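Okay, so here's the structure we're looking at.
The values are calculated or read from the model by the stated rules, or taken from the named source; none is laboratory data. Please read these numbers as outputs of a predicted model, since none were measured by experiment. Here the Cβ is made from the backbone with ideal geometry for all residues, glycine too, and neighbour counts use every protein chain on show.
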Amino acid sequence: MGGIGYGREGNVMKSQKSEIVILGIETSCDETSAAVLVNGTELRSHVISSQIVTHQRYGGVVPEIASREHCLHIQPVVQQALDEAKLGFSDLSAIAVTYGPGLVGSLLVGVSGAKAMAYAAGVPLIGINHLEGHIYANFLQHPDLEFPFLALLVSGGHTHLILFEAHGQYQVLGHTLDDAAGEALDKVARTLGLKYPGGPEIQKVAKEGDAQAFKFPRAMLEKNSLDFSFSGMKSAVLNTLNSAHMRGGTLNVPDLAASFQQAVVDVLVQKAMRAIKRTGVKTLLLAGGVAANTLLRETLEQELAVRNVRLVCPPPIFCTDNGAMIAITGYYHYLAGDFSPWTLNADPGLSLT
Ligand code: KG4
Ligand code: ZN
């Protein structure tokens, strides 16, 4: 059983303010984002400064450039979030910040910035696990969500099936043994000559393609396994392309994109259905950047409706990295009195367990 250790000793006692105002800060990869959330339901502001265009020319995120960009943007992004919320540091109840997993340099900018701001403002610091943040993004629009539920977290770095029994009480049922779903989509997109990030590009190009054109394998692993493996599926696309090139031929990129997207979605949906059957839960939460994928959302919706299971997913803006998801997770930690010490450090390999 994993957990987030609600109730551990914090750096500052709970504030006595009547409203709970959380500033959430996210800098784990290539988005500098800040949001102000009041009482867990009212998102007063949400600012995202994306570095996608900067990294696009390299075909992926360059860690050193990402850290430098965060350094440039963290202060103005936070200030804009406060200004739009018409609040100042003195109105805050706590500052929540992602401390892992992610790129160490990027995380360090957020963690040190948040520490300095929280210390100066005299409010508690709350370190947030980025993966938990993605899942809790669902509480932004569904504060009434009831436990237990299953979460399918599909991002650029992670693919997890998690059973949540209560706040802070969860169990990882399955995870990827190699590439994450988003990572495989990004790598295949790059090979197909599409822009970074690859997931949305594959989705766009796939609209013009035939999802049945190529029969890529679906890695289901042994019977009943809830783990994932996308590396072999990704290699199958690369091998298909290489064979065609060696014969001097070319392949239809939309067909390749549509067929690969279909294969990834089939695996994600089938594993989720296995987990639903095993646990008997009646709610599935979708989370992470790949959760923005329309085919995945529509297929899950159809499959879950047949089983009388509710699908909850955030709007696309709260699927990819954002400060609002960190603010809402911080809110629940705040309610539990779970604050972080001033020695909080970036933890690039932080896991859910
Ligand atoms: O959650 P996220 O923003 O960052 C991580 O924590 O990794 O996820 C980024 C991933 C990338 O791999 C990106 O290609 C993928 O999410 N992604 C999508 C879509 N939008 C973003 N994948 C498929 N379809 C999309 N519409
Ligand atoms: Zn993320």
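A compact table of results
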read-out	value
Residue selected from the stretch 142-186 under the condition of a type in the set (G, A, S) and within 16 Å of ligand 2 (Cβ to nearest atom), by the criterion farthest from L131 (Cα to Cα)	A184
Of all residues making up the stretch 143-169, the number that are within 17 Å of T283 (Cα to Cα), surrounded by fewer than 24 Cβ atoms within 10 Å (Cβ to Cβ) and within 17 Å of the chain's Cα centre (by Cα)	3
Per-region count, the stretch 76-94, residues surrounded by fewer than 17 Cβ atoms within 10 Å (Cβ to Cβ) and either in contact with a helix residue (DSSP H, G or I) (Cβ under 7 Å, 6 or more places away or on another chain) or of a type in the set (S, T, Y) (or both)	3
Per-region count, the stretch 23-57, residues of a type outside the set (D, E) and part of a loop (DSSP other than H, G, I, E, B)	8
Residue identified as at pLDDT 95 or above and not in a helix (DSSP H, G or I) among I126, I135	I126
Complete set of residues in the stretch 27-40 that are crowded, with 24+ Cβ neighbours inside 10 Å, more than 21 Å from H142 (Cα to Cα) and in contact with a Gly (Cβ under 9 Å, 6 or more places away or on another chain)	T27, S28, C29, T32, S33
Lone unmet requirement of (1) buried (at least 24 other Cβ atoms within 10 Å of the Cβ); (2) in contact with a Cys (Cβ under 9 Å, 6 or more places away or on another chain); (3) among the aliphatic types (A, V, I, L, M) for L256	(2)
Of all residues in the stretch 1-22 being assigned to a strand (DSSP E or B) and modelled with pLDDT of 85 or more, the one that is surrounded by the fewest Cβ atoms within 10 Å (Cβ to Cβ)	V21
Criterion (at positive phi and either within 16 Å of ligand 1 (Cβ to nearest atom) or of a type outside the set (V, I, T) (or both)) met by exactly one of G193, G182	G193
Single residue of the stretch 77-109 satisfying the filter (within 16 Å of ligand 1 (Cβ to nearest atom) and part of a loop (DSSP other than H, G, I, E, B)) that is farthest from the chain's Cα centre (by Cα)	L103
